[in-house]
Amino acid sequence: MMSSTSHSLKSEAEHSYDSALWFDADSVPGVRFGIARLTFGRRLELARRIREIGRKAEFLAAGTDAREKLEAAVVGAEVDRAYLEWGLLAVEGLVIDGEAATPEAVVEKGPLALATEILGRVKAECGLSEIERKN
């Protein structure tokens, strides 16, 4: 007679994974925000979003013309916006212009300090170093 240790299917299926990380905002007391965790599919989506913007930024940053440098700064801000739009999933405890804040409203009209804080968290989740996050 064979003896085997049986595991229930339930115990094997009880692994839990949250696709969002939640943080209490340091820059705006009482506000919480959720950012996306990096997954294979989301990493691919983000790479597609920033690929072209990044190429343009590198080209312009290499230029010596003041206009090219200014354009490179604008393109760099577009990369940051792509990270924010990709990573910010939800905001709680913030009202903007009389309405509960949405991720889109935070990007468009929200407090700059909050957007900067969220951007740092998103980039940290993506594994960017402190130097890469500042660029």
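The values are calculated or read from the model by the stated rules, or taken from the named source; none is laboratory data. Remember, predicted model here, so these are calculated numbers, not experimental data. A quick note on method: Cβ atoms are made from the backbone with ideal geometry, for glycine too, and the neighbour counts reach across all protein chains shown.
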- Kindly provide the set of residues from the range 50-70 that are part of a helix (DSSP H, G or I) and over 23 Å from the mean Cα position of the chain (by Cα), ordered by number. 59, 60, 61, 66, 67, 68, 69, 70
- Note on the structure: Of the listed residues (68, 58, 45), the one being touching a Phe, Trp or Tyr at 6+ places or on another chain (Cβ under 9 Å) and farther than 17 Å from residue 122 by Cα is 68
- Scan of the range 85-100 for residues that are in a strand (DSSP E or B), among the aliphatic types (A, V, I, L, M) and within 15 Å of residue 28 (Cβ to Cβ), ordered by number: 88, 90, 91, 95, 96, 100
- Query: When you scan the range 73-87, how many residues do you find that are farther than 13 Å from residue 43 by Cα and either buried (at least 17 other Cβ atoms within 10 Å of the Cβ) or of a type outside the set (A, V, I, L, M) (or both)?
  - Reply: 7
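Suppose we filter 47, 73 for residues that are closer than 21 Å to residue 117 by Cα, assigned to a helix (DSSP H, G or I) and modelled with pLDDT of 75 or more; which single one remains?
One residue alone meets the criteria, 73.
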- Inter-residue pairs, beta-carbon under 7 Å, first within 17 Å of residue 110 (Cβ to Cβ) and in the range 64-88, second among the basic types (Lys, Arg) and assigned to a helix (DSSP H, G or I), 6+ apart: 82/49; 83/123; 86/49
- Message: Here is a check on your reading of the model: is residue 32 closer than 18 Å to residue 124 by Cβ, in contact with a helix residue (DSSP H, G or I) (Cβ under 8 Å, 6 or more places away or on another chain) and not β-branched (Val, Ile, Thr)?
- Response: no
- Task: Take the range 107-135 and flag every residue that is among the small types (Gly, Ala, Ser), modelled with pLDDT of 95 or more and outside any helix (DSSP H, G or I).
- Result: 110
- Note on the structure: Pairs returned, first residue in the range 9-30 that is exposed (fewer than 11 other Cβ atoms within 10 Å of the Cβ), second residue that is part of a loop (DSSP other than H, G, I, E, B) and at pLDDT 95 or above, beta-carbon separation under 9 angstrom, 6 or more apart or interchain, are 29/93; 30/93; 30/94
- Boolean, residue 55 is loosely packed, with under 11 Cβ neighbours inside 10 Å, more than 25 Å from residue 16 (Cβ to Cβ), out of contact with any strand residue (DSSP E or B) (no Cβ under 9 Å at 6 or more places or on another chain) and among the basic types (Lys, Arg): no
